[in-house]
1. Go over the candidates 204, 199 one by one and state the one that is within 37 Å of the chain's Cα centre (by Cα), not charged (D, E, K, R) and not assigned by TED's automatic domain parsing to the domain that holds residue 162.
2. Among 89, 107, which is within 20 Å of residue 54 (Cβ to Cβ), out of contact with any Asp or Glu (no Cβ under 9 Å at 6 or more places or on another chain) and modelled with pLDDT of 90 or more?
3. Step by step: first the residues of the range 205-233, then only those that are at pLDDT 80 or above and acidic (Asp, Glu), then the one that is farthest from residue 185 (Cα to Cα). Which residue is that?
4. Taking strands (runs of 3 or more DSSP E) that do not extend beyond the range 43-110, which have at least 2 residues that are more than 26 Å from residue 128 (Cβ to Cβ)?
5. Among the residues of the range 86-107, is any among the polar types (S, T, N, Q), assigned by TED's automatic domain parsing to the domain that holds residue 68 and over 18 Å from the mean Cα position of the chain (by Cα)?
6. From the list 33, 64, exactly one residue is surrounded by 13 or more Cβ atoms within 10 Å (Cβ to Cβ) and within 28 Å of residue 98 (Cα to Cα). Which is it?
7. State whether one or more residues within the range 173-185 are within 18 Å of residue 217 (Cα to Cα) and assigned to a loop (DSSP other than H, G, I, E, B).
8. Look through 84, 78 and report the one residue that is surrounded by 15 or more Cβ atoms within 10 Å (Cβ to Cβ) and in contact with a strand residue (DSSP E or B) (Cβ under 6 Å, 6 or more places away or on another chain).
Amino acid sequence: MSQSSLLTNTTNNNNIDIKTTGSGSVVHAVKIHSSGLFEAKQGAIFNEDSNDLDFRVESNSYAHCLFVDGGNDRVGVGEDSDIGGLFRVSLGDSGVTGVDAGGQGIVIEDNASGGLTIATPNDAEGGIKFADPQDNDVGRINYDHSADAMFFMTSGNEQLRITADGKIGFKESSPEGSDGSLTLNQAGGDTQIISMKSSDVAHSITSVAEADTYAFIEKRKRCNWRFANSRYE
């Protein structure tokens, strides 16, 4: 049996049914309820021919609660103007007329203070991950709610942590000291742990430090350290 379409009006509920028949059975394709509810039984495709046509869903407060711009390849939530970005969430017009080409995946906009919220339970982590073909979380910015600590990762390893009491640890997940203290962990490294540079400095003692380094702190042997600096005219 070849496939055909049937248009029926069910008298009991005053619904409109669009049905297709094929393989000896009747399948509901679209139903329009008397309340105005639209039901696509087998899924729906809009603008399959890629015409310059738009699709809009209106809410109580937003005329363009969902807006698909067929001509400019944009999806907007709360706004229909085009400032760039494949997906744009707008709570108000910021006045920005275009976004940088390197940041057009998602655009978040507001006419006052704006932001992005990542919400999780208080014993979980929330974060942003950076991926490449070799590693799907090569970089991270995470907040650990169970410890109230924020940490940053590069190359898959934690490099910086800020604890709940403001201690900062570089390559140290448990920084020591009083609140607001700084811990630097260079593991077995023997070179400078702190270097101070200036473009006004150009010395010739490059066997000790780079030409623009005017002071540094480094570990010496096992338990010794030294602070070195020089005067330049």
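1. 199
2. 107
3. 212
4. 54-57, 66-69
5. Pass one, the range 86-107, residues among the polar types (S, T, N, Q): 90, 94, 97, 104.
Remaining after also requiring assigned by TED's automatic domain parsing to the domain that holds residue 68: 90, 94, 97, 104.
Filter once more, keeping what is over 18 Å from the mean Cα position of the chain (by Cα): 94, 97.
The answer is yes, given that some residue of the range 86-107 is among the polar types (S, T, N, Q), assigned by TED's automatic domain parsing to the domain that holds residue 68 and over 18 Å from the mean Cα position of the chain (by Cα).
6. On the way: 33 fails: within 28 Å of residue 98 (Cα to Cα).
Checking each option against the conditions leaves just 64.
7. Yes, the conditions are met somewhere in the range 173-185.
8. Details: 84 fails: in contact with a strand residue (DSSP E or B) (Cβ under 6 Å, 6 or more places away or on another chain).
Testing whether each residue is surrounded by 15 or more Cβ atoms within 10 Å (Cβ to Cβ) and in contact with a strand residue (DSSP E or B) (Cβ under 6 Å, 6 or more places away or on another chain) leaves just 78.
The values are calculated or read from the model by the stated rules, or taken from the named source; none is laboratory data. What you see is a predicted model, and the numbers here were worked out from it, not measured in a lab. Don't worry about glycine lacking a Cβ; one is built from the backbone with ideal geometry, like all the others, and counts go over all protein chains shown.
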